[in-house]
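Undergrad: Structure incoming, see below.
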Amino acid sequence: EAGVAQSPRYKIIEKRQSVAFWCNPISGHATLYWYQQILGQGPKLLIQFQNNGVVDDSQLPKDRFSAERLKGVDSTLKIQPAKLEDSAVYLCASSLDGLAGGTYEQYFGPGTRLTVT
Amino acid sequence: AQSVTQLDSQVPVFEEAPVELRCNYSSSVSVYLFWYVQYPNQGLQLLLKYLSGSTLVKGINGFEAEFNKSQTSFHLRKPSVHISDTAEYFCAVSEGEWGAQKLVFGQGTRLTINP
């Protein structure tokens, strides 16, 4: 089966510019996650969707970050305006709905490496 | 909220030697535990997971981990490592309601295999 797709793979922008990342989860996966991985750290959850509804966005800096998952499939994560500290790898993951017998396994995409100069 | 501590940020070992990567988590009534591996410029790949049952869990690539509830640990082991095992390893714990689980990751351990 096809894995989680993300684009672009790399992005370099200047501070105060805006940027958007795209994610296509594995077909049939109801839950989608966006993580931020700063160099030398473990991934940190930014937002979690169940179908097209937000389950958890407690760690999303809502003054500059936004995300949507229209129609419960693809998702986009946007940063506007970007700051230097936003330089990181942004990982998208998907999983089956636990209520449907999911095994709690999250499948990760290759990530988008963002550099803010 | 859960937290995960990976006790070693870097572990260098020689090829064919055994290795143990240590992971401790904060206590909870029930936990689901995971080890993920990240190769350079790639996403994370699941090595193994503990949901319930036997405390010794076997995963891919010859890795295994032991869940120790009394010590709140979930250490990862491999009896003989290969050059291709060079990567970053992340321990994670799942928290949240059934169907809305999220992962909390440790800081990662960089495993370097020397010939």
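The values are calculated or read from the model by the stated rules, or taken from the named source; none is laboratory data. None of the values given here were measured: they were computed from a predicted structure. Calculation scope for accessible area: heavy atoms of the full protein, side chains included, ligands and nucleic acids excluded. Shrake-Rupley method; radii C 1.70, N 1.55, O 1.52, S 1.80 Å.
Undergrad: Once the principal axes of the Cα atoms of the protein assembly as shown are found, what is the range along each, listed largest first in whole angstroms?
TA: 48, 41, 34
Undergrad: Please check segment B:41-70 for residues whose accessible area, probe 1.4 Å, is lower by 20 Å² or more when all protein chains are in place than in their chain alone.
TA: When all protein chains are present, B:Asn41, B:Gly43, B:Leu44, B:Leu46, B:Lys49, B:Leu51 each give up 20 Å² or more of accessible surface.
Undergrad: How large is ³J(HN,Hα) for each residue in segment B:11-21, as worked out from phi by the Karplus curve 6.51 cos²θ - 1.76 cosθ + 1.60 (θ = phi - 60°), to whole Hz, x for Gly and Pro?
TA: So the J values, rounded to whole Hz, are 9, x, 9, 8, 4, 6, 7, x, 9, 9, 10.
Undergrad: Interface A/B, total buried accessible area with a 1.4 Å probe, nearest 100 Å²?
TA: Roughly 2000 Å².
Undergrad: Same structure, new question: Lysines near B:Lys58 by alpha-carbon distance under 27 Å, same-chain residues fewer than 8 away left out - which ones?
TA: A:Lys44, B:Lys49, B:Lys69, B:Lys78, B:Lys102
Undergrad: Continuing with the same structure: If you roll a 1.4 Å probe over the heavy atoms of the protein chains, what accessible area per residue do you get for segment B:4-114, in Å²?
TA: I get 47 Å² per residue for segment B:4-114.
Undergrad: Still on this model: Calculate what fraction, in whole %, of the accessible area of the protein assembly as shown sits on carbon and sulfur atoms when a 1.4 Å probe is rolled over the protein chains.
TA: C and S fraction of accessible area: 51 percent.
Undergrad: Using only Cα atoms, what Kirkwood radius does chain B have, in angstroms? Before the final figure, lay out the partial values.
TA: Values: mean 1/r = 0.0700 Å⁻¹.
Every distinct Cα pair counted, the radius reaches 14.3 Å.
Undergrad: When the distances between all Cα atoms of segment A:30-95 are binned every 5 Å from zero, what whole-number percent does each bin get?
TA: 4, 18, 30, 26, 15, 6, 1
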